[in-house]
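> Before we start, here is the structure in question, set down as structure tokens.
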Amino acid sequence: MSSFEMIVPALAEALEKRGYSALTPVQKAVLEPELGEADALVSAQTGSGKT
């Protein structure tokens, strides 16, 4: 089982097919329900998994 519960099932399936099993910390942070539909400016080190 992956840790993609926070994202759309089709996206979770596509990520799993490509070998990903978990979101990075920065990806999890921008999916927090508190953000809702708000715009967010995300800053993190290169290679930290923003994309």
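> So, by mean Cβ neighbours within 10 angstrom, what's the order for 5-11, 37-43 with the highest one leading?
Final packing ranking: 5-11, 37-43.
> Now for a separate question. Give the label of the value calculated from the structure for Rg and Dmax of the Cα atoms in Å, choosing from (i) 10.6, 33; (ii) 12.0, 43; (iii) 11.6, 30.
(iii)
> For Cα pairs less than 8 Å apart in space and 6+ apart in sequence, what is the mean separation divided by the residue count of the chain, i.e. the relative contact order in percent?
36 percent
> I want to check the label-to-label distance for ALA10 and THR24. Put each point 7 Å from Cα in the C-beta direction and report it in nm to one decimal.
2.5 nm
> So how much slack lies between LEU31 and THR46, counting 0.36 nm per residue of separation and subtracting their Cα-Cα distance, in nm?
The LEU31-THR46 span can extend by a further 3.4 nm.
Where a number appears in this text, it was derived from the coordinates with a stated rule and is not lab data. Fair warning: this is a prediction, and the values are worked out from it, not measured in the lab. Glycine also receives a Cβ, built like all others from the backbone with ideal geometry; neighbour counts cover every protein chain displayed.
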